[in-house]
Amino acid sequence: MFPANAYVIRLAGDGDEADLRRIAELDSAAPLEHPILIGEIDGRAAAALALGERRAIADPFRPTAALLAHLRLRAASIEAHARMPSVADRIRAALAPRRQAAA
């Protein structure tokens, strides 16, 4: 499973630009566009995910596969909250019976 506290995941700020450039260079990728989620391993930025384009970059010299999965899950939860801020409403919508379209 994915314990919520396995990694530090946060929105990247101005102070993270050097880390984001470093990760992009290591990953041979173009820099990401803000807003960006950044994930840390042992207190150091190791991966990042652009919320708008859902493109990720990661340090290839660190074990980042699970961290990237956590970043994608967090991004999905942020998007779900943006669509429907009420947790109760999201639960009701998820549990509501689906109607099939008439053929």
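Every read-out reported here was derived from the displayed coordinates using simple, explicitly stated rules and does not represent laboratory data. Quick caveat: nothing in here was measured; it's all calculated off a predicted structure. Quick reminder, even Gly has a Cβ in these numbers, built from the backbone with ideal geometry, and neighbours come from all protein chains shown.
Expressed in whole Å with the largest first, what are the equivalent ellipsoid semi-axes of the chain derived from the C-alpha gyration tensor as the square root of 5 times each eigenvalue?
Taking √(5λ) for each eigenvalue gives 31, 15, 13 Å, largest first.
Going by average Cβ neighbours within 10 Å, how do the peptides 81-88, 92-99 rank, with the highest at the top?
81-88, 92-99
May I ask which residue of V8, V87, L51 lies farthest towards the positive end of the charge dipole of the stretch 8-95, with charges of +1 (Lys, Arg) and -1 (Asp, Glu) on Cβ and the Cα centre as origin?
The residue sitting farthest along the positive end of the dipole is V87.
So between D14 and A76, what do we pick up on full extension, going 0.36 nm a residue minus the alpha carbon distance?
Answer, rounded to one decimal: 20.0 nm.
Which of the DSSP-defined H helices in the chain satisfy a minimum axial length of 24 Å, computed from C-alpha atoms, and a minimum mean Kyte-Doolittle hydropathy of 0.0?
Passing helices, by number: 65-83.
Please work out the Cα center distance from the stretch 1-20 to the stretch 22-86, rounded to the nearest Å.
7 Å
How many nm is it between the label spots at R21 and R98, if each spot is 7 Å from the Cα in line with the beta carbon?
4.7 nm
Place the peptides 67-80, 46-59 in order of packing, highest mean first, counting for every residue the other Cβ atoms within 10 Å and averaging per peptide.
Order by mean packing, descending: 46-59, 67-80.
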